[in-house]
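Student: Pasting a structure here, questions to come.
Any read-out appearing in this document is the output of simple, stated calculations on the displayed coordinates, not a laboratory observation. Nothing here was measured: the structure is a model prediction, and the numbers come from that model. Quick reminder, even Gly has a Cβ in these numbers, built from the backbone with ideal geometry, and neighbours come from all protein chains shown.
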Amino acid sequence: MAKEIPEFKTEKEEAEFWDTHNSMEYLESDETIALELSPELTAKDRSKTKRVTLRLRLSQIEDAKLIAREKDIPYQTLIRSWIVESIKRERGERA
């Protein structure tokens, strides 16, 4: 049985928690997650990224996984692409 994720007062508090705890203890299943780095995340570009924590509904994650599976890409990559597209759209740039 998965441990319950505590409530956090700030994003900093949550980030510090995840820096010192194993997230596997908080997952609902033993599902194996395959990760693929997109080509734009090369070793030199990786230093330009920052890990963030997002709380999403389980249904949102499952929907993203389904769509990603249909596109044959990792769901994290799909979510990142949606964020990039939305930022460009909001800024009036071409996607």
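Student: Out of every Cα-Cα pair in segment 47-95, what percent are more than 13 Å apart?
Tutor: Roughly 66 percent, once rounded to a whole number.
Student: Would you work out which of ILE79, ILE67, VAL52 lies farthest towards the positive end of the dipole of segment 46-95, given +1 charges on the beta-carbon of Lys and Arg and -1 on that of Asp and Glu, about the Cα centre?
Tutor: VAL52
Student: I want to make sure I understand the PRE zone here: with the label point 7 angstrom from the Cα of ILE67 toward its beta carbon, which residues in segment 74-95 have backbone N atoms less than 12 Å away?
Tutor: In segment 74-95, the label zone of ILE67 (backbone N under 12 Å from the point 7 Å along Cα→Cβ) covers 75-86.
Student: Any chance you could run the full-extension gain for GLU7 through ARG55? It's 0.36 nm times the residue separation minus the Cα-Cα distance, nm to one decimal.
Tutor: Computed gain between GLU7 and ARG55 is 16.1 nm.
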